[in-house]
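Let me begin by presenting the structure, written as structure tokens, before commenting on it.
The values are calculated or read from the model by the stated rules, or taken from the named source; none is laboratory data. This is a predicted model, so every value here is computed, not measured. Cβ: placed from backbone, ideal geometry, glycine included. Neighbour counts: every protein chain shown. Protein only, heavy atoms only, side chains kept; ligands, DNA and RNA dropped before computing areas. Shrake-Rupley method; radii C 1.70, N 1.55, O 1.52, S 1.80 Å.
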Amino acid sequence: MGVVPAPRALALAQSEGLDLVEVAPTAVPPVCRITDYGKWRYEAQQREKEAKKKQRTVTWKEIRMAPKINGHDLDTKIRTATRLLDEGDKLKVVVRFRGRELAHPDRGRTLLIEMAERLKEHGIVERAPLLEGRQMVMVMNPVRGQPAAKPAAATTAPAPSPAPGQPAAAATATPPGPPPARATPPAAPSAARPAGPPAAPRTATRTQRPA
């Protein structure tokens, strides 16, 4: 309706039995809509619920271990990290150094790199191992939305379906090869002459002329 004074817009809404709802108060001039306020509020709440369903909160999880951890405890830590990454949590792996252990930070770095290598199918390293005071920290993100590898499509063309009333073709297909040689049809037999009496032998007759 364009720019309308507020008293006139309110009178128009009341004349139609509706409400004057301000939908954009920061605009100049403010934008209002003549509608049912209860219905408009309900639709706005439904839109907020749908937006919250699509949102995902990132939860931080932390795993702590010592540089002298044994193999069985490391396997337990890796199983826990795998479960957390599969659930979509962000993982913070911390190696704490005590006393003279701080003189060998390479052990903690080697341990974190090994752990990242064993978790590469479940998470990716966001921040490489970094020494912060008396602890070394590595951050990993979960692997999300990785498409599964699709099998290669078969190159063999599908066999045509048999016509109704005809038997189905054999399951095993004959491999393609050179076309078979065409057989030469046998020559047609010649017509036999009817048998008859044997022909009489020819005798040569010589006539004598008078001298």
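Whenever a residue of the range 85-109 is closer than 16 Å to GLY133 by Cβ, its partners that are in a strand (DSSP E or B) and among the polar types (S, T, N, Q), lying with C-beta atoms within less than 7 angstrom and at least six residues away or across chains, give the pairs VAL94/GLN135; VAL95/GLN135; ARG96/GLN135; PHE97/GLN135. Screening the range 17-90 for strands (runs of 3 or more DSSP E) wholly inside it with 3 or more residues that are open to solvent by 50 Å² or more (accessible area, probe 1.4 Å) and not charged (D, E, K, R) returns the ranges 31-35. Quick one: is LYS92 among the basic types (Lys, Arg) and either modelled with pLDDT under 90 or at positive phi (or both)? So LYS92 does not fit the description; no. Of the listed requirements (1) more than 30 Å from GLY99 (Cβ to Cβ); (2) in contact with a strand residue (DSSP E or B) (Cβ under 9 Å, 6 or more places away or on another chain); (3) of a type in the set (Asp, Glu), GLU43 misses just one: (2). The numbered conditions (1) out of contact with any strand residue (DSSP E or B) (no Cβ under 6 Å at 6 or more places or on another chain); (2) open to solvent by less than 90 Å² (accessible area, probe 1.4 Å) are all true for MET1 except (2). Taken over the range 91-128, residues that are assigned to a loop (DSSP other than H, G, I, E, B) and buried (at least 18 other Cβ atoms within 10 Å of the Cβ) amount to 2.
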